[in-house]
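All remarks here apply to the structure that follows.
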Amino acid sequence: MSLIAEDLIPWQVKYGRHFLPWQNRRDPYAVWLSEIMLQQTQVKTVIPYYQRFIEIFPDVENLAQAPVDDVLALWSGLGYYSRARNLHQAAREIIQNYKGIFPQDSEKIQQLPGIGRSTAAAITVFAYGNRAAILDGNVKRVFARYFGIDRYPGEPATLKKLWALAEVSLPENNDSDKIRIYTQALMDLGSMICVRHKPACSQCPLISRCVAYQAGNVAQLPVSKPKKQIPVKETVFMIYRHNHKLLLEKRSDKGIWGGLWCFPEYNMDDIIVNSTKSSMPVKLPRLPHAFTHFKLWIQPCLREVDLETETKADVSENPIVWVEPDKVLELAIPAPVRKLIQQHFIT
């Protein structure tokens, strides 16, 4: 057995997580769902979403048959909505191409929408007990510190080296229980102990062999991505209101918040021009929203209209609905829309 596996497996048995809602299940659908939700999202945030999702869509067939709007509505607030669309599309492909049976082969799993190498490995490990290496963000951090990798993990050469280390660090035999425990141990260590800031090194089972700890540079590893100035963008949400109902339009499937219901979006110059025929909209407090690659400042503007048809020439050709504020929260909406509704329209 590799040295890292030798240290991690007994630690996980004694100190690791054992009662997360998706653990101790061999159902590949449940494993797949949890792995997709956990991408770039903390466990405590995922748990209630996972529990609701698995209750409404208990298997791949139910998910495949559901309208994508229902899937997005259940995902609303979890972010990174392409995950939900890919999940739905993958479910349909499993029904169509694999007769509803989740594939066991890692390469076939990777061919499904939204599943990369590490996610496919995690699915095949936990669902089928196959011997496969994972390398998500937490594991990259663990390996960078343990092996003393002093280059940015996102560089192709460094990533290739990390994958090679992930492969050689696997338990040497094909004992499915040990493979599962080891894989869970890596996830637990990265989430609970070897965290990005202020890692609990004194509680780490790898401390005696950790290169970063021995060198005193744990805080410097993994090497951060070379910084670029984050762009700042601005947009206007026009909130049309008529008889206590609000107008939302469904965005196209591609792009930011694809397929979600949102307030019509403009730039400020358009608002000024389009408002000459009636009173100027009322500006509400600006709302910041951070994406991975840029920051967005949203200027909400409230405009009362006498007729629902009054907005026809102002909005795009996308589908629109007039909805009472509390009912808006039941739709597939992005986080900023939810915040605006809760802040200004629900008492």
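The values are calculated or read from the model by the stated rules, or taken from the named source; none is laboratory data. Every value quoted in this text rests on a predicted model; they were computed, and no experiment measured them. Because the Cβ atoms are built from the backbone with ideal geometry, glycine has one as well, and the counts that use them run over all protein chains shown.
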Kindly indicate whether any position in the range 110-122 is more than 23 Å from residue 33 (Cβ to Cβ), buried (at least 19 other Cβ atoms within 10 Å of the Cβ) and at pLDDT 95 or above.
-> no
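Conditions (1) acidic (Asp, Glu); (2) under 15 Å from residue 186 (Cα atoms); (3) not assigned by TED's automatic domain parsing to the domain that holds residue 90, marked per residue:
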| position | (1), (2), (3) |
| --- | --- |
| 12 | no, yes, no |
| 28 | no, no, no |
| 33 | no, no, no |
| 36 | no, no, no |
| 50 | no, no, no |
| 53 | no, no, no |
| 56 | no, no, no |
| 59 | yes, no, no |
What number of residues within the range 225-251 are at negative phi, surrounded by fewer than 11 Cβ atoms within 10 Å (Cβ to Cβ) and of a type outside the set (Lys, Arg)?
-> 4
Tell me which residues, restricted to the range 154-195, are touching a Gly at 6+ places or on another chain (Cβ under 9 Å), more than 14 Å from residue 16 (Cβ to Cβ) and charged (D, E, K, R).
-> 175
Quick one: in the range 134-161, which of the residues that are in contact with a Cys (Cβ under 8 Å, 6 or more places away or on another chain) and over 19 Å from residue 119 (Cα atoms) is surrounded by the most Cβ atoms within 10 Å (Cβ to Cβ)?
-> 145
Got a number for residues in the range 228-242 being touching a residue at least 60 places away in the same chain (Cβ under 8 Å) and assigned to a loop (DSSP other than H, G, I, E, B)?
-> 2
Per the filter on the range 38-63, residues closer than 15 Å to residue 91 by Cα and in contact (Cβ under 8 Å) with a residue 24 or more places away in the chain are 54, 59, 60, 61, 63
When you scan the range 23-81, how many residues do you find that are closer than 23 Å to residue 121 by Cα and not in a helix (DSSP H, G or I)?
-> 14
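Among 129, 137, 154, which is of a type outside the set (S, T, N, Q) and within 19 Å of residue 218 (Cβ to Cβ)? Outline the logic, then answer.
Values: 129 fails: within 19 Å of residue 218 (Cβ to Cβ); 154 fails: within 19 Å of residue 218 (Cβ to Cβ).
Result of the check over 129, 137, 154: 137.
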In this structure, does residue 198 turn out to be free of Cβ contacts under 8 Å to residues at least 24 places away in the same chain, within 30 Å of residue 299 (Cβ to Cβ) and either surrounded by 16 or more Cβ atoms within 10 Å (Cβ to Cβ) or of a type outside the set (A, V, I, L, M) (or both)?
-> no
Does the range 202-213 include one or more residues that are modelled with pLDDT of 95 or more, more than 21 Å from residue 169 (Cα to Cα), in a loop (DSSP other than H, G, I, E, B) and assigned by TED's automatic domain parsing to the domain that holds residue 123?
-> no
